[in-house]
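One structure is given here, and the rest of the page talks about it.
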Amino acid sequence: MIRRRERGPGGPQVVGEGERVYGKVRPVWSRDFALFFVARAVARLGDTMLPVALAAGLLQHGYGAGAVGLAMAATAAAFAGLVVFGGVVADRFSTRRLMIGADLVRLGTQALAAALFFADHVVLWEICVIGFLNGVAGAVFQPGVASTVPRLATDIQGANGAIRIAESAAQLAGPALAGVLVGFASPGGVFAAHAATYAVSALCLLLIRLPAPAPGGAASAAHGPGTFRTDLVEGWREFRARTWLWGVIAVWCLYMVAVWGPTVPLVATEVVQQHGPRAYGLINSALGAGTVVGGLLALRLRPRRMLRAGAVALFAFAGFPAAVGAGLGISAMALGAAVAGAGMSFWGVMWATSVQTQVPSDVLNRIHAYDVAGSLAMMPVGQALAGPAASALGADQVLLAAGVVSLVVPVALLAVPAIRDLVRADAVRPGAPAVPAPAAEPRRPSPSEHG
């Protein structure tokens, strides 16, 4: 083992190749993390192709925009409504097997959708059922992502940054690839390609040698005496016990209703109407490029108070809706989108790493599920209110207001001591093991621990 001397908090110390020291970055990559990285990147690529396939396919078969929205809503509703229960299931059983099973289900549903489109037998309710089943599978898959990253990577922040970069690149490439497939083949070809991405993801997950969880982690929870309802209640109790956790989710509900929810549809409407679809594509590309930059920054910067640094980065989002609302030129809007993407991406890595390192492993899947459900719950509300608000006040005024609220959100996050003062838990001190430190707030005993 290569050993070197580093100056730690307590003076010089000898550091082994397999240890982590705060401020020093270990290489992220290993065979197993590379497989997980590919699985996430390829699956994300397929997911970003799906809206194009649905829109093109349903419109070609005589359905309108409402049908496209309904098909997409079927997936979103199933995912948002069941992901909390998926977190309980993930904490009771093998997360890798559940994730592989979810990928295989989605492989089957998307292959069926491809067959329906190739056969020109497209019935809306059948597409909606397929979308609903996809959402159910996603609700089972997603909670396991949070607990898999810490088991595969020593440098959890670096791992999250790398995954965020891959997902951002997929976000850029997916719609373009889907457009090419629709043009040269058919919407059925896009669904077939989407199904293939789940096959690749399942194969990568199958090849991973996933280390056993720490004692008292998810594996032991799977064999514990608690019932499904008990585990669900325990997850909620653990969620409420961490002020920094539910505090962020509470503020994020405001963000989804007043900022992200209205920004997405209104920016699309305003830019396309005033400058055309090419300009909107350019702005979307700038947003995606910004998220890649944010992921790269998250690989390099190691703030001691991660949520504080992430909240400061969120100030960067305000320029995006404000630039569109103010009617600035395409270059200014693209610049605002790029800066906004970088800030959002950096925050996302800081947040994901905080959750994965501060929460005990035996409840991490459930906590992540509550996190996902809470983060997504208010987005449809914001999207639904965007139209009436734009009709009453004007789309430009709503976007300017979203820009103002974008500044209020990080202020609210920084105003909560439990959020701004949370110290990162993945720093190794002299004599401490190279594993995440205990949660910043004490973990309450589960019902089974009372005997």
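Filtering the stretch 115-137 to residues that are among the aliphatic types (A, V, I, L, M) and surrounded by 23 or more Cβ atoms within 10 Å (Cβ to Cβ) leaves I127, A137.
When you look at S331, is it polar (S, T, N, Q), at pLDDT 90 or above and out of contact with any Cys (no Cβ under 8 Å at 6 or more places or on another chain), yes or no? Write out each step before concluding.
On the way: polar (S, T, N, Q): yes; at pLDDT 90 or above: yes; out of contact with any Cys (no Cβ under 8 Å at 6 or more places or on another chain): yes.
For S331, the condition - polar (S, T, N, Q), at pLDDT 90 or above and out of contact with any Cys (no Cβ under 8 Å at 6 or more places or on another chain) - is met.
Any residue in the stretch 355-373 that is over 19 Å from R242 (Cα atoms) and either touching a residue at least 24 places away in the same chain (Cβ under 8 Å) or not assigned by TED's automatic domain parsing to the domain that holds V267 (or both)? Before the answer, list the steps.
At the first step, the residues of the stretch 355-373 found to be over 19 Å from R242 (Cα atoms) are none.
Among the residues of the stretch 355-373, not one is over 19 Å from R242 (Cα atoms) and either touching a residue at least 24 places away in the same chain (Cβ under 8 Å) or not assigned by TED's automatic domain parsing to the domain that holds V267 (or both), which makes the answer no.
Of the candidates V145, V140, the single residue that is surrounded by 23 or more Cβ atoms within 10 Å (Cβ to Cβ), under 16 Å from the mean Cα position of the chain (by Cα) and within 20 Å of Y370 (Cα to Cα) is V140. If you go through the stretch 375-426 and keep only what is outside any helix (DSSP H, G or I), of a type in the set (G, A, S) and closer than 28 Å to V359 by Cα, you end up with just A425.
Just checking: which of the helices (runs of 4 or more DSSP H) contained wholly in the stretch 180-253 hold 1 or more residues that are touching a Lys or Arg at 6+ places or on another chain (Cβ under 9 Å) and modelled with pLDDT of 75 or more?
Numbers: elements: 187-207, 218-222, 228-240.
Result: 187-207, 228-240.
Of A323, A318, A352, all but one fail to be of a type in the set (A, V, I, L, M), closer than 23 Å to R164 by Cα and in contact with a Leu (Cβ under 8 Å, 6 or more places away or on another chain); the exception is A318. All told, R424 meets the bar of being modelled with pLDDT of 75 or more, among the basic types (K, R), within 23 Å of W244 (Cα to Cα) and out of contact with any Cys (no Cβ under 8 Å at 6 or more places or on another chain).
Yes/no matrix, rows are residues, columns are (1) touching an Asp or Glu at 6+ places or on another chain (Cβ under 8 Å); (2) farther than 18 Å from A250 by Cα; (3) not aliphatic (A, V, I, L, M):
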site: L307; (1), (2), (3): no, no, no
site: F317; (1), (2), (3): no, yes, yes
site: A334; (1), (2), (3): no, yes, no
site: S345; (1), (2), (3): no, yes, yes
site: Q356; (1), (2), (3): no, yes, yes
site: V372; (1), (2), (3): no, no, no
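Does the stretch 129-145 include one or more residues that are of a type outside the set (S, T, N, Q) and not in a helix (DSSP H, G or I)?
no
When only residues in the stretch 264-290 that are more than 14 Å from G327 (Cβ to Cβ) and among the hydroxyl-bearing types (S, T, Y) count, which is surrounded by the most Cβ atoms within 10 Å (Cβ to Cβ)? Per the criteria, the residue is Y280. Inclusion of T75 among residues that are surrounded by 20 or more Cβ atoms within 10 Å (Cβ to Cβ), at pLDDT 80 or above and touching a Pro at 6+ places or on another chain (Cβ under 9 Å) is not warranted.
Of all residues in the stretch 354-374 being assigned to a helix (DSSP H, G or I) and of a type in the set (V, I, T), which is nearest to the chain's Cα centre (by Cα)? Let's see the steps before the verdict.
First pass over the stretch 354-374, keeping only residues assigned to a helix (DSSP H, G or I): 354-358, 361-374.
Imposing the further condition that a residue be of a type in the set (V, I, T) reduces the set to 355, 357, 363, 367, 372.
Details: V355: 12, T357: 16, V363: 18, I367: 14, V372: 8 Å.
Checked the stretch 354-374; the qualifying residue nearest to the chain's Cα centre (by Cα) is V372.
How about the stretch 42-68: which of its residues are within 25 Å of G288 (Cβ to Cβ) and without any contact (Cβ under 8 Å) to a residue 12 or more places away in the chain? Answer for the stretch 42-68, where residues must be within 25 Å of G288 (Cβ to Cβ) and without any contact (Cβ under 8 Å) to a residue 12 or more places away in the chain: L59, A65.
Scanning the stretch 225-263 for residues that are surrounded by fewer than 17 Cβ atoms within 10 Å (Cβ to Cβ) and charged (D, E, K, R) turns up R229, R237, R240.
The values are calculated or read from the model by the stated rules, or taken from the named source; none is laboratory data. Since this is a predicted model, take the numbers as computed values, not measurements. All Cβ positions, glycine included, derive from the backbone under ideal geometry; neighbour counts span all protein chains shown.
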